[in-house]
Amino acid sequence: MSAPAYDLGRHPAALALVNRHRLRVWEPLPWILALAFYFAFPNHLGFGTDLLVTILFALSLDLALGYAGIVTLGHAAFFGAGAYTVGMLAHHGIWNEPISGLLMGASVAALIGFASGLILLRTTGLTLLMLTLCTMALLEEAANMGEKYTGGFDGLPNLPIPPLFGLFEFNPLYPRVQYLYVLGVLFLCFIFVRTLVYSPFGRSLTGIRENVLRMHAVGAPVNWRLVTCYTISAAIAGIAGGLWAQANAYVNLSTLSLDRAATVLIILVLGGYGRLYGAFIGAVVYMALSHFLAQVYPTAWQLGLGLMLVLIALFARNGVIGLWDMLRNRLMAKGATMRATKSGPS
Amino acid sequence: MTDPLLETRALSKSFGALAAARDINFRLERGARHALIGPNGAGKTTFINLLTGVFLPTQGKVLLEGRDITTMQQSARVKLGIARTFQINRLFRGLSVLDNVYMAVAERLGAGAQMMKPAGMRNDVVEEAMRLLDVLKLSDYAGHRVSELPYGRQRLVELAIALGLEPQVLLLDEPAAGVPSTESHIILDAVAALPKQIGVLIIDHDMDLVFRFAERITVLVGGAIFAEGTPKEIGADQRVRDVYLGKAHHG
Ligand SMILES: Nc1ncnc2c1ncn2[C@@H]1O[C@H](COP(=O)(O)OP(=O)(O)OP(=O)(O)O)[C@@H](O)[C@H]1O
Ligand SMILES: [Mg+2]
């Protein structure tokens with residue numbers, strides 16, 4: 001059936017859909033700030049690098065949890081898989097070029113995501129949560145026991161990471177190169193994820209999250225989409241882990257720990273999941289707060305953080321971004337009524 | 001003799017001790033306007049769930065144009081042209097009306113797996129979704145979030161999604177239930193305007209609608225086919241009147 005072209009331009013809703021993926025004016029802001037940070041705080045680039053890695057990790061989780069609604073408490077499995085791949089290859093002198101090493105880390109993480117996803121993603125809810133947790137625990141135990149290869153409990157210190165592009169040296173004490181390198185990788189990954197979530201594939205993930213039954217009924221291969229999404233998400237988490245290993249020049253069991261998995265979940269909920277920028281805001285708020293609170297209340301800072309999380313869970317289900325949206329909508333509604341009363345009945 | 005569009009043979013489904021479908025032999029012809037009626041709990045929705053693959057039958061077969069699809073996945077059946085609406089709305093409540101229909105059209109046109117192109121740049125999908133909304137007089141609500149619409153309008157979105165799949169077999173589970181009578185004609189008009197070759201099976205408790213729309217009626221009672229025939233035959237059947245039509249006023 002070939003009907004004449006529909007004039008989408010005359011319909012606001014269609015126009016909004018057609019333009020939804022367009023760059024908004026404020027979107028360069030995070031990147032400008034990240035560059036400004038580099039120049040403004042040359043003594044805090046270690047913290048900055050850590051923050052950027054965390055953002056990337058949270059972004060990977062957002063794809064699975066925020067967009068596709070895959071409830072996981074084991075995402076550090078992929079972070080750790082990436083980190084250990086990079087670490088083991090470098091430590092045993094097999095491969096240590098940073099960028100290709102990162103790609104290998106991503107591949108291994110993706111493979112684990114794909115294999116475990118094929119089985120796990122048939123389940124939902126609490127079962128799924130437990131299974132993701134178990135996968136991570138298994139990997140952690142494997143890393144703990146395979147001492148010969150993984151360094152066991154102590155991990156692998158002093159990884160020999162050669163200069164980036166053969167030119168820029170990674171200096172653990174003064175991590176300028178690390179910061180820019182991680183920022184560059186984060187930027188590329190972000191572009192990719194952004195493209196993905198605005199694509200029809202990304203829409204279908206949202207559809208699965210909103211109503212799985214309906215998604216089946218419109219003929220979407222739901223399980224396959226979920227596995228694909230989980231694999232991509234795992235690959236990105238693997239890149240984050242690989243970056244962590246390269247930037248710190250070591251790898252240890254903390255990369256596979258529940259602590260890391262739970263923290264990234266908290267960060268995403270804090271920032272707002274399924275929003276793309278929730279990962280940024282959540283990571284900044286969380287890391288800044290824990291940094292600050294740890295200095296002011298060295299003994300009880302986790303209490304303050306916990307309290308804030310309870311407040312978020314109670315009053316701002318969609319995180320900081322959700323709070324902001326709510327405020328903006330209120331203000332706009334108020335503005336509209338004020339304008340309406342001013343102009344009087346027409 | 002050619003195969004019917006959709007056929008079931010001795011189709012049965014039990015939920016534990018409850019036989020929700022018993023030995024159903026049913027045929028839906030090409031271009032049929034067929035109604036399925038029966039008291040509450042008769043197994044009508046269960047029957048549709050068996051046809052669409054939500055449940056696998058305990059026994060029996062489902063055939064589409066002679067092809068055995070009994071164990072086929074839901075999504076694969078949709079690809080073969082079986083679409084349905086749900087008795088209770090199953091929509092993407094947090095998304096806009098346009099997004100809801102977009103989802104269906106995108107899957108049909110094979111856009112759903114596309115990753116590197118923005119959804120809004122699939123103009124073919126957007127255009128078709130908008131056209132469907134025009135037909136169902138929903139385009140004024142295209143940008144509204146589904147959860148903000150009154151229930152009657154949400155029913156129309158249900159229908160729009162099913163139509164977006166351009167089905168060969170359309171299964172409508174009480175499409176007008178909950179729709180104010182001032183608006184139900186939009187649904188009925190849309191159903192009446194469907195391409196002739198689509199086989200339509202409609203479940204409804206509104207006897208006026210059923211007798212006006214259907215060329216054939218199947219009565220389901222207690223999970224089994226109780227009677228089948230033209231509206232005239234069914235209307236004149238005293239047994240049907242006793243078990244169902246007489247009681248319909250209470251249900
Ligand atoms: N998933 C299920 N598990 C257990 N029992 C079920 C399930 N689905 C339906 N039933 C039972 O099967 C019987 C038939 O239900 P069904 O929903 O098919 O009836 P119906 O004819 O559509 O009724 P109504 O007119 O009220 O929509 C009912 O007794 C119902 O409780
Ligand atoms: Mg029913």
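The values are calculated or read from the model by the stated rules, or taken from the named source; none is laboratory data. Because the structure is a prediction, the values reported are computed rather than measured. Glycine also receives a Cβ, built like all others from the backbone with ideal geometry; neighbour counts cover every protein chain displayed. Side chains included, ligands, DNA and RNA excluded: accessible areas come from the protein's heavy atoms. Shrake-Rupley method; radii C 1.70, N 1.55, O 1.52, S 1.80 Å.
Classification of the protein assembly as shown by its C-alpha gyration tensor yields a prolate form. The axis ratio a/c (a ≥ b ≥ c) is 1.5 or more, and a/b outweighs b/c.
Quick check on region A:29-278: take the gyration tensor over C-alpha atoms, sort the square-rooted eigenvalues as a ≥ b ≥ c, and tell me if it's rounded (a/c under 1.5), prolate or oblate. Since a/c reaches 1.5 but b/c is at least a/b, the shape of region A:29-278 is classed as oblate. Across region A:81-93, rounded Karplus estimates of 3J(HN,Hα) from the backbone phi angles (6.51 cos²θ - 1.76 cosθ + 1.60, θ = phi - 60°) give 4, x, 5, 5, 4, 4, x, 5, 4, 6, 4, 8, x Hz, Gly and Pro being marked x. Residues of chain A were split at every exposed loop site, defined as trypsin sites (Lys or Arg not before Pro) in a DSSP loop with at most 14 other C-beta atoms within 10 angstrom, and the longest piece left, sites excluded, is A:123-316. What the phi angles of region A:160-174 give under the Karplus curve with 6.51, -1.76 and 1.60, with θ = phi - 60°, is a coupling list of x, 9, x, x, 5, 6, x, 10, 9, 6, 7, 10, x, 7, 9 Hz, glycine and proline written as x.
Only Cα pairs under 8 Å and 6+ residues apart enter the sum, and on that basis the relative contact order of chain B stands at 28 percent. In this structure, the amide hydrogen of residue B:221, modeled 1.01 Å from its nitrogen in the peptide plane, lies closer than 5 angstrom to those of B:226, counting only residues at least 5 positions away or on a different chain. Length gained on full extension, residue B:30 to residue B:137: 35.8 nm, using 0.36 nm per residue less the C-alpha separation. For region B:93-166, averaging the sequence separation of C-alpha pairs within contact (under 8 Å, six or more residues apart) and dividing by the residue count gives a relative contact order of 52 percent. Among beta bridges identified by DSSP and lying wholly in the protein assembly as shown, the antiparallel ones come to about 55 percent.
In this structure, the amide hydrogen of residue B:202, modeled 1.01 Å from its nitrogen in the peptide plane, lies closer than 5 angstrom to those of B:34, B:35, B:36, B:172, counting only residues at least 5 positions away or on a different chain. The residues of region A:29-278 expose on average 39 square angstrom of accessible surface per residue, using a 1.4 Å probe on protein heavy atoms.
On the protein assembly as shown, 63 percent of the accessible area sits on carbon and sulfur atoms, based on a 1.4 Å probe.
Only one residue of B:165, B:95, B:105 has its Cα farthest out toward the positive end of the dipole of region B:93-166, where Lys and Arg carry +1 and Asp and Glu -1 on Cβ, and that residue is B:95.
Just for chain B, what percent of DSSP beta bridges are antiparallel, to the closest 5? In chain B, DSSP labels about 55 percent of beta bridges as antiparallel.
Note on residue A:153 and residue A:317: their simple-model spin labels are 4.4 nm apart, each label 7 Å out from Cα toward Cβ.
For residue B:21, the residues whose modelled amide H falls within less than 5 Å of its own, excluding neighbours fewer than 5 places apart on the same chain, are B:13. Rank A:263, A:255, A:195 by mean-square fluctuation in a GNM of chain A with C-alpha springs under 10 angstrom and give only the top-ranked residue. In the Gaussian network model the winner is A:195. Compute the separation of the alpha-carbon centres of region B:94-117 and region A:48-79 and state it in Å as a whole number. Each part's Cα centre sits 25 Å from the other's. With a 10 Å cut-off around each Cβ of B:89-95, the average count of Cβ atoms from other chains is 5. So which residue, out of B:117, B:61, B:137, gets the largest mean-square fluctuation from a GNM of chain B using Cα contacts under 10 Å as springs? The residue that fluctuates most here is B:117. Accessible surface buried at the B:A interface totals approximately 3500 Å², computed with a 1.4 Å probe on protein heavy atoms. The mean sequence distance of close C-alpha pairs (under 8 Å, at least 6 residues apart), as a share of the length of region A:36-164, puts its relative contact order at 29 percent. Here the Gaussian network model covers chain B, with springs between Cα atoms less than 10 Å apart; of B:69, B:82, B:202, B:69 fluctuates the most. The residues of chain B present an accessible area of 42 Å² per residue when probed at 1.4 Å with all protein chains retained.
Here residue A:332 and residue A:39 are evaluated by their C-beta separation; at R0 = 30 Å the FRET efficiency comes out at 0.25. The label point for residue B:192 and the one for residue A:324, both projected 7 Å from the Cα toward the Cβ, are 5.2 nm apart.
Between residue B:148 and residue B:10, the modelled label-to-label distance comes to 5.5 nm, taking each label 7 Å out from Cα in the direction of the beta carbon.
In the complete set of protein chains, residue-level accessible area for residue B:23 is approximately 100 Å², probe 1.4 angstrom. With the charge dipole of region A:29-278 set up from +1 on Lys and Arg Cβ and -1 on Asp and Glu Cβ about the Cα centre, the Cα lying farthest toward the positive end among the listed residues A:213, A:116, A:175 is that of A:213.
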